[in-house]
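This is the structure I have questions about; it appears just below.
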């Protein structure tokens, strides 16, 4: 009888040992569950946030393009980051190092040019390409800028025609966005704008 009891006890002890070894410990179980939840949140969240970011960035870009159409300084300032964080390469070929310099440029241009009466100052952008990487993004597009130089203008720019004439300038633009304004708030703003003339449509691309 004692022998059978010892065998039975040994078997029970062995079964418990196996059960202990195969059982998932509570901490490990919780960690595994939390890990799965993190992956799920990261996956669904990234897709959702990417679409949200895309919508917000395109809205900022549209504000900038509409500002050009209306010659609106307040709209322009709303699109760009404030203070000395802004940096811009203007279509006139010059560089501007802060939002105040860009505002000063626009005030000057208001005395030099006006939107053409028969065309929008800024045509709808085409070949728009937006790339988002975390808290930064860039957008590229092409369009045409059409303005009439005022008869009384004394504009000192090789990019503009003589006073009283209309300029229609095909251009390319690059807009760089950061999810941060000049006060550090996590909102999308344009930190850099680069604009340059585009080659005439009739000209073949070099190398092709």
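Somewhere in the range 106-119, is a residue at pLDDT 95 or above and more than 16 Å from residue 89 (Cβ to Cβ)?
No, the range 106-119 contains no residue that is at pLDDT 95 or above and more than 16 Å from residue 89 (Cβ to Cβ).
Could you tell me which numbered condition residue 154 fails, if it satisfies all but one of (1) more than 31 Å from the chain's Cα centre (by Cα); (2) modelled with pLDDT of 95 or more?
Evaluating residue 154 over (1) more than 31 Å from the chain's Cα centre (by Cα); (2) modelled with pLDDT of 95 or more leaves (2) as the failure.
Output the number of residues of the range 22-76 satisfying the condition of being farther than 21 Å from residue 106 by Cα, at pLDDT 50 or above and more than 19 Å from the chain's Cα centre (by Cα).
Number of matching residues: 10.
Here's something else I'd like to know. Scan the range 157-179 for residues that are within 15 Å of the chain's Cα centre (by Cα) and either modelled with pLDDT under 95 or farther than 19 Å from residue 102 by Cα (or both) and jot them down.
Within the range 157-179, just 179 meets the criteria.
Follow-up. Can you tell me how many residues within the range 183-198 are touching a strand residue (DSSP E or B) at 6+ places or on another chain (Cβ under 8 Å) and not in a strand (DSSP E or B)?
3
I want to confirm something. Restricting to the range 120-145 and keeping residues that are in contact with a helix residue (DSSP H, G or I) (Cβ under 7 Å, 6 or more places away or on another chain) and part of a loop (DSSP other than H, G, I, E, B), which single residue is surrounded by the most Cβ atoms within 10 Å (Cβ to Cβ)?
121
State yes or no: is residue 202 closer than 18 Å to residue 65 by Cβ and more than 17 Å from the chain's Cα centre (by Cα)?
No: the conditions fail for residue 202.
Can you tell me which of (1) exposed (fewer than 12 other Cβ atoms within 10 Å of the Cβ); (2) closer than 30 Å to residue 56 by Cα; (3) at pLDDT below 95 is the one residue 205 doesn't meet?
It fails just one condition, (2).
The values are calculated or read from the model by the stated rules, or taken from the named source; none is laboratory data. Quantities reported herein were computed from a predicted structural model and do not represent experimental measurements. We place every Cβ from the backbone using ideal geometry, glycine too, and count neighbours over all the protein chains shown.
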